[in-house]
Amino acid sequence: MENKEELYSEILKRVQRNYVHMAEIERITKELGSALSSNDRESVHLLLKMRQSEMDLASEVKQEIQLLIRSSTDEKEKLLSWLNGEAKEQPESFEEKKILELSCQLRQVITRTTEIDKALNSRLAGKDSYYQKN
């Protein structure tokens, strides 16, 4: 990256993309619950494929973010803090503030999605649930 603003801008673009993918995963997970409740196997199968596709895209974006962070040794600790929803160092620029803000919102989406998934998984698998083992 040529400068820190360009780095922040590129990371912000990817954080926004990741947020969109995670919000879609949350939506699909909710729909999956409805399909399971109505015993609609075709919809369940389709929704699982759609969710996996979004998860793959989110994973790619996260890898891109990690590569960008690795390329910037000076900003690494600050960026990791913001991406974890922490403000160890206060953001100053628009991009910095948006990275922190979206990262906090992203954490909320992940928490909600995980709770929905836990409920679905426990309902289907009972004591053999993935979440019971971990």
Positive dipole terminus of the chain, leading residue within PHE94, LEU106, SER122 (C-beta point charges) | SER122
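For the range 92-134, which GluC sites (Glu not before Pro) are both in a DSSP coil and crowded by at most 15 other Cβ atoms within 10 Å?
Details: sites: GLU92, GLU95, GLU96, GLU101, GLU115; in loops: GLU92.
For GluC sites (Glu not before Pro) across the range 92-134 that sit outside H, G, I, E and B with at most 15 neighbouring Cβ atoms in 10 Å, the list reads GLU92.
How big is Rg to Rh over the chain, alpha-carbon atoms, Rh as the Kirkwood inverse-mean-distance radius?
Details: Rg = 17.6 Å, Rh = 16.3 Å.
Expressed as Rg/Rh, it is 1.08.
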Filtering trypsin sites (Lys or Arg not before Pro) in the range 7-111 by DSSP loop and by at most 16 other Cβ atoms within 10 Å leaves LYS88
The chain - charge dipole about Cα centre, Lys and Arg +1 at Cβ, Asp and Glu -1, debye rounded to 20 | 680
Positive-end residue, the chain charge dipole about Cα centroid, Cβ charges, pick of LEU80, LEU57, ILE28 | ILE28
The range 1-31-the range 94-109 distance, computed between alpha-carbon centres (Å) | 9
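Given a 1.4 Å probe and every protein chain left where it sits, what share in percent of the accessible area of the range 48-134 is carbon and sulfur? Could the numbers behind the result be given before it?
Values: 2860 of 5850 Å².
C and S atoms contribute 49 percent here.
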With a ≥ b ≥ c taken as the square roots of the eigenvalues of the C-alpha gyration tensor of the range 73-134, please select rounded if a/c is under 1.5 and otherwise prolate if a/b is larger than b/c or oblate if it is not?
-> prolate
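Counting alpha carbon pairs within less than 8 Å and at least 6 residues apart, what relative contact order, in whole percent, applies to the range 1-95? Working shown, then result.
Details: 58 pairs, mean separation 31.8, N = 95.
In percent, rounded to a whole number, it is 33.
The values are calculated or read from the model by the stated rules, or taken from the named source; none is laboratory data. Everything quoted here is computed from the prediction, not taken from an experiment. With ideal geometry, Cβ positions are generated from the backbone for all residues, glycine too; neighbour counts draw on all protein chains shown. Each accessible area value is taken on the protein alone, full model and side chains, heavy atoms only, with ligands, DNA and RNA left out. Shrake-Rupley method; radii C 1.70, N 1.55, O 1.52, S 1.80 Å.
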